[in-house]
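The values are calculated or read from the model by the stated rules, or taken from the named source; none is laboratory data. All values derive from a computational prediction rather than experimental measurement. Don't worry about glycine lacking a Cβ; one is built from the backbone with ideal geometry, like all the others, and counts go over all protein chains shown. Calculation scope for accessible area: heavy atoms of the full protein, side chains included, ligands and nucleic acids excluded. Shrake-Rupley method; radii C 1.70, N 1.55, O 1.52, S 1.80 Å.
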Amino acid sequence: MKYYAAIREALRCELERDPRVFFMGEDVGKPGGIYAQSRGLQEEFGVERVRDTPAGELGFMGAAVGAALTGARPVVEISFADFIPVCLDQLVNQAAKIRYMSGGQARVPLTVVTFGGAGRNAGPQHSGSYEALLGSIPGLRVVMPSTPYDVQGFLKAAIRDDDPTIVILNKALLGLADDSEAGVEPIPFGEAAVRREGEDVTIVAWSAMVHTALEAADRLAAEDGVSAEVIDLRSIQPLDGETIGASARKTGRVVTVQETVSFAGIGAEVAAEVSRRAFGWLDAPVQIVGPPFTPVPFSKLMEEFVLPDAGSIVRAVREIL
Amino acid sequence: MGIQPELRLQMYETMLRIRRFEEETAALFAAGDLPGFVHLSIGQEAVPTGICAALDPADTITATHRGHGHILAKGADMGRMMAELMGKRTGYCAGKGGSMHISSLDLGVLGANGILGAGQPIAVGAALSARLLGEERISVTFFGEGASAQGGVHEAMNLAAVWKLPVVFVAEINGWAELSPYSDHVSVPSLVDRAAGYGIDAASVDGTDVEAVLDGAREAVERCRSGEGPVLLEARTQRWHGHFEGDRQLYRPEGEVAALPELYDPLVLQSDRLLELGIASEAELDAIERRVAEEVAEAVLFGRNSPESAPEDALLHVYSTDGRGGAA
Ligand SMILES: Cc1ncc(C[n+]2csc(CCOP(=O)(O)OP(=O)(O)O)c2C)c(N)n1
């Protein structure tokens, strides 16, 4: 199944399973989504449950929070992750804090699905992912699936969960296919996946960079005879420190790779976990591979220049071997 | 529809409960017995009282930072409110919310809010879920002229109008937003002037007269319940106290504040009416006064005698599993 179709499959399954679930966003209903990610769902479930919204993210995100507070289970699409700042108050001050502020009375079973990711010449305002920003908010969960299987599993988990969860999908992966079929079970939050086992170095990545890391691992094996372990974080908040620590103790070397700037980023959190859990086993300092501290530029040449690729990962690994 | 004598009396009592609760709150704050920020609605009691008198228990409200009146009028227990103001474990929010964030989901109070313009989209969502789940409730949201400058209020009105949802937007116009006047925040004489831009119905009522508020609220609620979409109800009222307790209101024209109780006391207006119409005697009003005084005293005692929250309770209620974020 393809990545975009896994979105539709998970939504279809959950809409069918629970009448309290509804899906809304800009052009997700009648038009079926800009990526066909919800094609056919409105015909199947009706306009009330697969709902087109006006282009006002603050308003409909707030409405989703209110609906979640009063017994519904909304799934909201924010078509580009860069539009999340437009409705950030409803996520940061409302969805994330309402349960806490209410002393545990309230639940906010809200799922936000959004498309992040660079590498498609979408320019500075359509290429961000914001996982570090969102992952730093107590009360929110953040997942970033890198495969169609994970898209299905995490979306289902998010929709069945009683807390606000943000599923950051990657535009660059929409056409990616794997051998998953309908019926994937929900995946628990906070469990990373070892995508490739290795002995010499651990490469930690998430979302699209997992695939870049796997490409780098192939090259390291072929060109350097180096055996790299590739960990896909999958879940940003909570973060699976245990899997990271275990791998670091095994290999003694860790490189993290991310598509978003590294300052105050998730790579730094991974490095902190490694230092806490595997300091005595380390043979080299943790390397954080990420773009320079700039927005994502439009021009293909400039965008390629700032984004990490397999070559930059290979270089970072060679530096610490 | 006329107003039943019992309801007229009951609304007087509700207003008195709000007034005395907040007077006590002011005194406790002045004595240093309450932490944090406290925003009082003394002088505005008729607005939440008249609105909530038109609601069913299942209807929901979102309140504001100046929300004690909204929450009491929706049926809250004074003791648990006072305990929350004191940060005690027995408070509505177990001491995690405080004055600005009280909620009671059981009473349909979706929350006071420390963020201007945030409650209105949430209220739209409550109306949306009612329709989706086939529940016969409507949604009410309170906000002031200051909040009316927020984009969230605009988006909420537009959304409720586009989707024809049962939301009553209650604009509580008390003349001030923090330390600056209405005209610094709003360009039109009345928020009713904005309604046409959303294609929604609107009315303005005298927010000092609880019966005028009730009449306006009944009409608005009726429209909502019959599926005609959202309504904007403006209530013109007066803020007697400062923006927060401790604000001496030096920015207000000289003499304005001192003159307010004489000119705009919703309690006096209603008690005069009750006496005039023979609905209550002086003695009956005195009895209400004593009953409310007792309720307030008990609330304070309940708060004082309630256990403190355990410091480590700070770790609870972040997630519904009570698990924590961070690295697993
Ligand atoms: C988003 C946001 N901006 C600013 C504030 C600070 N603030 C608190 S109350 C207030 C004025 C509110 O005026 P109004 O809405 O008229 O309500 P009132 O205080 O008169 O009851 C301001 C600016 C806030 N709480 N939230």
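Here are some notes:
- Cα centroid separation - the range B:1-58 against the range A:146-169, whole Å: 44 Å
- Selected from A:SER79, A:SER275, A:SER38 as most flexible by GNM, with chain A as the system and alpha-carbon contacts under 10 Å: A:SER275
- For B:ARG80, the accessible surface of its heavy atoms amounts to roughly 90 Å² (probe 1.4 Å, protein chains only, rounded to the nearest 10).
- Considering all different alpha carbon pairs of the range A:1-62, the Kirkwood hydrodynamic radius works out to 11.7 Å.
- Helix axis angle, A:266-278 relative to chain A longest principal axis, alpha carbon, degrees: 60 degrees
- For the protein assembly as shown, adding -39500 (n - 2.57) for each run of n ≥ 4 DSSP H residues and dividing by the number of residues yields -12000 deg cm²/dmol at 222 nm.
- Using only alpha carbons, the range A:3-173 has a radius of gyration to Kirkwood radius ratio (Rg to Rh) of 0.93.
- DSSP beta bridges in the range A:193-320 [antiparallel fraction, %, rounded to 5]: 20 percent
- Prolate/oblate/rounded label for the range B:142-246 (Cα gyration tensor, a/c 1.5): oblate
- Where labels lie 7 Å past Cα in the beta-carbon direction, separation of B:GLN4 and A:PHE298 in nm: 6.7 nm
- When the Gaussian network model of chain A links Cα atoms closer than 10 Å, the mean-square fluctuations of A:ALA96, A:ALA268, A:ALA222 top out at A:ALA222.
- Within the protein assembly as shown, antiparallel bridges make up roughly 15 percent of the DSSP beta bridges whose residues both belong there.
- Applying the criteria of a DSSP loop state and at most 13 other Cβ atoms within 10 Å to the chymotrypsin sites (Phe, Trp or Tyr not before Pro) of the range B:231-278 yields B:TYR251.
- For the range A:98-145, pairs of C-alpha atoms spaced more than 17 angstrom apart make up 50 percent of the total.
- Dimensions (Å) - the range B:1-118, Cα atoms, principal axes, largest first: 45, 27, 27
- Proximal lysines to A:LYS97, defined as alpha-carbon separation beneath 21 angstrom and excluding residues fewer than eight positions away on the same chain: B:LYS88, B:LYS96
- Spatial separation of Cα centroids for the range B:176-205 and the range A:80-134, in angstrom: 31 Å
- Beta bridge orientation in the range B:5-312: antiparallel %, DSSP, nearest 5: 15 percent
- Here each label is just a point 7 Å from Cα along the line to Cβ, and for B:ALA293 and B:ASP33 those points are 1.6 nm apart.
- Tensor-based shape of the range A:193-320 (alpha-carbon gyration tensor, a/c under 1.5 rounded, otherwise prolate or oblate): oblate
- Subset of A:LYS30/B:LYS74; A:LYS156/A:LYS300; A:LYS30/A:LYS171; A:LYS30/A:LYS156; A:LYS171/A:LYS250 violating a 31 Å alpha-carbon distance limit: A:LYS30/B:LYS74; A:LYS156/A:LYS300; A:LYS171/A:LYS250
- Where only C-alpha atoms are counted, convex hull volume of the protein assembly as shown per residue in Å³: 159 Å³
- With only the Cα atoms considered, the range B:79-201 has a convex hull volume of 115 Å³ per residue.
- Projecting label points 7 angstrom from Cα along Cα→Cβ for A:ALA36 and B:VAL188 puts them 4.6 nm apart.
- Under the Debye formula (equal points on every Cα, no solvent term), log10 I(q)/I(0) of chain A at q = 0.07, 0.09, 0.14, 0.15 Å⁻¹: -0.27, -0.45, -1.05, -1.18
- Dipole moment magnitude, nearest 20 debye, chain B about Cα centre, only Lys, Arg, Asp, Glu C-beta charged: 960 debye
- Largest-first ordering by accessible area, 1.4 Å probe, given options B:GLU295, A:GLU181: A:GLU181, B:GLU295
- Degrees between helix A:57-69 axis and first principal axis of chain A (Cα, 0 to 90, nearest 10): 80 degrees
- Dipole magnitude of the range A:193-320 about its Cα centre (Cβ charges: Lys, Arg +1; Asp, Glu -1), debye to nearest 20: 220 debye
- For chain B: rounded, prolate or oblate by the Cα gyration tensor [a/c cutoff 1.5]: rounded
- Over the range A:232-302, equivalent-ellipsoid semi-axes from the Cα gyration tensor in Å: 26, 13, 10
- Alpha-carbon Debye profile of the range A:40-117, log10 I(q)/I(0) at 0.12 Å⁻¹: -0.35
- When both the range A:220-296 and the range B:239-291 are represented by their alpha-carbon centers, they are found 65 Å apart.
- Taking the accessible area of the range A:143-220, probe 1.4 Å, and keeping the other protein chains in place, the carbon and sulfur fraction comes to 45%.
- Most fluctuating residue given options A:ALA271, A:ALA182, A:ALA216, as computed from a GNM of chain A linking Cα atoms under 10 Å: A:ALA182
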